[in-house]
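Shown next, in C-alpha cells, is the structure this report addresses.
The values are calculated or read from the model by the stated rules, or taken from the named source; none is laboratory data. Here the structure is a predicted model, which means the values were calculated and not measured. Heads up, the Cβs are rebuilt from the backbone with ideal geometry, glycines too, and the neighbour counts pull from every protein chain shown. For the accessible areas, the whole protein counts, side chains as well, though only heavy atoms, and no ligand, DNA or RNA atoms are used. Shrake-Rupley method; radii C 1.70, N 1.55, O 1.52, S 1.80 Å.
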Amino acid sequence: MTGAGRTRVELGRREDLGADCANCFGLCCVALAFTKSADFPFDKDAGEPCTNLDNVDGCRIHPHLRDRGFKGCTVFDCFGAGQKVSRQTFAGRSWRDDDTTRTAMFATFPVVRRLHELLWYLDEAIDLVMTGGGVDPAPWVAAFEHVRVLSDGTPSALTELDVDAEYDAARALLVRASDIARRDVPTARQSRSQPALEPGADLLGARLGGRDLSGLTLRGSIAIAADLRGARLHRCDLLGVDLRDADLSGADLSGAIYLTQMQVNSARGDAATVVPEGFERPSHWA
C-alpha cells in the first residue's frame, strides 16, 4: 500500500482510491450498519458481520446480491479504504484476531473512507486546475498531501480526527477548481418551465432527458429518479449529487466534474451511457 514516498500520480483514483476487495478483510460487510429498506432485506448493526460473509472475508452471494435484495452492496464504494486499513493501518491484522483490533479497526475504517473520498475530489481538482491553465496548482497539491498524510495516521490519530473540518477546509478549493474548469464552457439557456438547475436544487424525478447540462453547477442537488436520458453533462459539477435510480441511459458523463463510481453505481444506465475513463460500468446496467 501507500508509502511516504508515493507521489500524487501514483496515489491515484485507479489504484489506492479504488476498492481492492481481495486485499480487505470484508470491512464494509462488518464495520458498517444497514437498515431494512429497498437497499437491504434486513437490519444489521455496525460491527456485526453480514450473514453472507464467509470465513475468508468473501461474499457467499456476490453474483446474486441484487436478486437477493442487497442493492446497497452493489452501490457502495470504499474509495480504497478497505485495503488500506487492512494492509497498512493495521499491518495485515484482521478484526477476527482479537477484540482490541476489532474495535479499533471498525472505528478507523469509516474515517479513512471519508478521507479517501476527499482525496478523490482533490485529485480531480488538481487535474481540473492543471488543464484549466494559468493557475498555480500548489494550493490544491498541498491540500491533497495534507489529507494523504492524515489518512496514513495511526488508528488512535484517525479516530480522534475531525473529518468534517477537513472537508470544510477543502471545500473552497474544490469549488474554485470547478469554477476554473467551467469558466469557458457555454451553458444552455434554462427554461422557466423546468426546475432551477443550480446548487442544491430539488431535481427529484425531474425530466431532463436530452438536455445539455454542460457547464452547470448541480452541486449538492437531489436528483433521485431524475430522467437524464441522453443528457450531456460536459463540465457539469456533480459534487455530492444524489443520483439514486436516475436514468442515465444514453447520457454522456465523460466530462462530468467530481463524479464518483458510487454515484454511477446508484443510477440506471445502458450500453449507450458514456462514463469517464477509468470508471467501471455497473453490471446491473446490462
Out of F42, F34, sole residue that is open to solvent by 30 Å² or more (accessible area, probe 1.4 Å) and of a type in the set (F, W, Y): F42
Log entry, pairs with first residue in the range 94-105 being at pLDDT 95 or above, second being of a type outside the set (V, I, T) and open to solvent by 30 Å² or more (accessible area, probe 1.4 Å), beta carbons closer than 6 Å, six or more apart or on different chains, reads W95/R102; T101/R93; A104/P155
Give the residues of the range 143-174 that are acidic (D, E), surrounded by 14 or more Cβ atoms within 10 Å (Cβ to Cβ) and more than 20 Å from F106 (Cα to Cα), sorted by residue number. E145, E166
Counting only residues that are open to solvent by 70 Å² or more (accessible area, probe 1.4 Å), modelled with pLDDT under 95 and of a type outside the set (D, E), how many does the range 175-195 have? 7
For a quick check of your reading of the model, give me the residue pairs whose first member lies in the range 238-251 and is in contact (Cβ under 8 Å) with a residue 60 or more places away in the chain, whose second is part of a loop (DSSP other than H, G, I, E, B) and polar (S, T, N, Q), with beta-carbon atoms closer than 9 Å and at least 6 apart or on different chains. none
Filter the range 224-237 down to the residues that are surrounded by fewer than 24 Cβ atoms within 10 Å (Cβ to Cβ), part of a loop (DSSP other than H, G, I, E, B) and either of a type in the set (F, W, Y) or at negative phi (or both) and list them by number. I224, R229, A231, H234
So, in the range 55-71, of the ones that are touching a residue at least 12 places away in the same chain (Cβ under 8 Å) and open to solvent by less than 90 Å² (accessible area, probe 1.4 Å), which residue ends up farthest from A38 (Cα to Cα)? D57
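Mind checking which residues of the range 106-128 are of a type in the set (A, V, I, L, M, F, W, C), closer than 22 Å to A91 by Cα, touching a residue at least 60 places away in the same chain (Cβ under 8 Å) and open to solvent by 10 Å² or more (accessible area, probe 1.4 Å)?
F106, the sole residue that qualifies.
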Please go through (1) more than 23 Å from A143 (Cβ to Cβ); (2) of a type in the set (F, W, Y); (3) touching a residue at least 24 places away in the same chain (Cβ under 8 Å) for Y258 and return the number of the only condition it doesn't satisfy. (1)
Sole residue being at positive phi, open to solvent by 10 Å² or more (accessible area, probe 1.4 Å), modelled with pLDDT of 95 or more and not β-branched (V, I, T), chosen from D270, D202, D245: D245
